[in-house]
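Beneath this line is the structure, given in structure tokens, with notes to follow.
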């Protein structure tokens, strides 16, 4: 189903233009984080391949590979989580959607509850991660071996935190979109468009 354009008409009032602009900025932010995650996947592949070559040529692993790989995988997951939520790609069972297809408002309420629980869980994890970030910055935490190769951990923690916060906000947008469908009626496709910010 084609999505509704976010571009307001030439004579549209100021609030409508502001809303469309905010939706565009949000879209760039969410998809930009996902693109960064994709780039990091390529970087991680290069690091692993370089480590394999080093093991076969010199019989030793490259420094930082295991620690860097572990942090990068977590970072990639959270950087791409918001766009996964936004495009309705989270892995879950579909039985409730099928069972409630005849009652779109009830289905929307269930979707709102699902998104609310997801948003609360992510907000809680983000709060815990903020404490870890503050500890890492304060203690000068690093990975690697002193005198060989080290990297500070706080940039990784910061990107993980940003991914969590953006994903939690995306869940909040889904809650509002689902509640809007539940109160005024509509279809599941309309709700998906609103979740992505495609509906004005």
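Taking residue 62 as meeting all but one of (1) assigned to a helix (DSSP H, G or I); (2) over 24 Å from the mean Cα position of the chain (by Cα); (3) touching a residue at least 12 places away in the same chain (Cβ under 8 Å), write down the number of the exception. In the conditions (1) assigned to a helix (DSSP H, G or I); (2) over 24 Å from the mean Cα position of the chain (by Cα); (3) touching a residue at least 12 places away in the same chain (Cβ under 8 Å), residue 62 misses (1) alone. Return only the number of the condition from (1) touching a helix residue (DSSP H, G or I) at 6+ places or on another chain (Cβ under 8 Å); (2) under 17 Å from residue 82 (Cβ atoms); (3) surrounded by fewer than 17 Cβ atoms within 10 Å (Cβ to Cβ) that residue 177 does not satisfy. If we test residue 177 against (1) touching a helix residue (DSSP H, G or I) at 6+ places or on another chain (Cβ under 8 Å); (2) under 17 Å from residue 82 (Cβ atoms); (3) surrounded by fewer than 17 Cβ atoms within 10 Å (Cβ to Cβ), just (3) comes out false.
Against the condition closer than 27 Å to residue 72 by Cβ, touching a residue at least 12 places away in the same chain (Cβ under 8 Å) and part of a helix (DSSP H, G or I), how does residue 135 come out, does it pass?
Values: closer than 27 Å to residue 72 by Cβ: yes; touching a residue at least 12 places away in the same chain (Cβ under 8 Å): no; part of a helix (DSSP H, G or I): yes.
Judged against the criteria, residue 135 is not a match.
Only one of the numbered conditions (1) at pLDDT 95 or above; (2) over 29 Å from residue 62 (Cβ atoms); (3) touching a helix residue (DSSP H, G or I) at 6+ places or on another chain (Cβ under 7 Å); (4) surrounded by fewer than 18 Cβ atoms within 10 Å (Cβ to Cβ) is violated by residue 158, and that is (2). Kindly indicate whether residue 54 is modelled with pLDDT of 95 or more and surrounded by 13 or more Cβ atoms within 10 Å (Cβ to Cβ). Taking the combined requirement at face value, the residue does not satisfy it. For residue 116, the stated conditions do not hold, so it cannot be described as under 25 Å from residue 36 (Cβ atoms), surrounded by 15 or more Cβ atoms within 10 Å (Cβ to Cβ) and in contact with a helix residue (DSSP H, G or I) (Cβ under 9 Å, 6 or more places away or on another chain). Inspect all residues belonging to the range 71-78 and state whether any of them is touching a strand residue (DSSP E or B) at 6+ places or on another chain (Cβ under 9 Å), modelled with pLDDT of 90 or more, closer than 30 Å to residue 157 by Cβ and assigned to a helix (DSSP H, G or I). Within the range 71-78, one or more residues are touching a strand residue (DSSP E or B) at 6+ places or on another chain (Cβ under 9 Å), modelled with pLDDT of 90 or more, closer than 30 Å to residue 157 by Cβ and assigned to a helix (DSSP H, G or I). Close contacts from the range 139-155, counting a first residue that is touching a residue at least 40 places away in the same chain (Cβ under 8 Å) and at positive phi and a second that is part of a loop (DSSP other than H, G, I, E, B) and surrounded by 14 or more Cβ atoms within 10 Å (Cβ to Cβ), with Cβ to Cβ under 8 Å and a gap of 6+ residues or different chains, come to 144/63; 144/64.
The values are calculated or read from the model by the stated rules, or taken from the named source; none is laboratory data. It should be emphasised that the depicted structure is a prediction, and the values quoted were computed from it without experimental measurement. In this analysis, Cβ positions are derived from the backbone assuming ideal geometry, glycine residues included, and neighbour counts consider all displayed protein chains.
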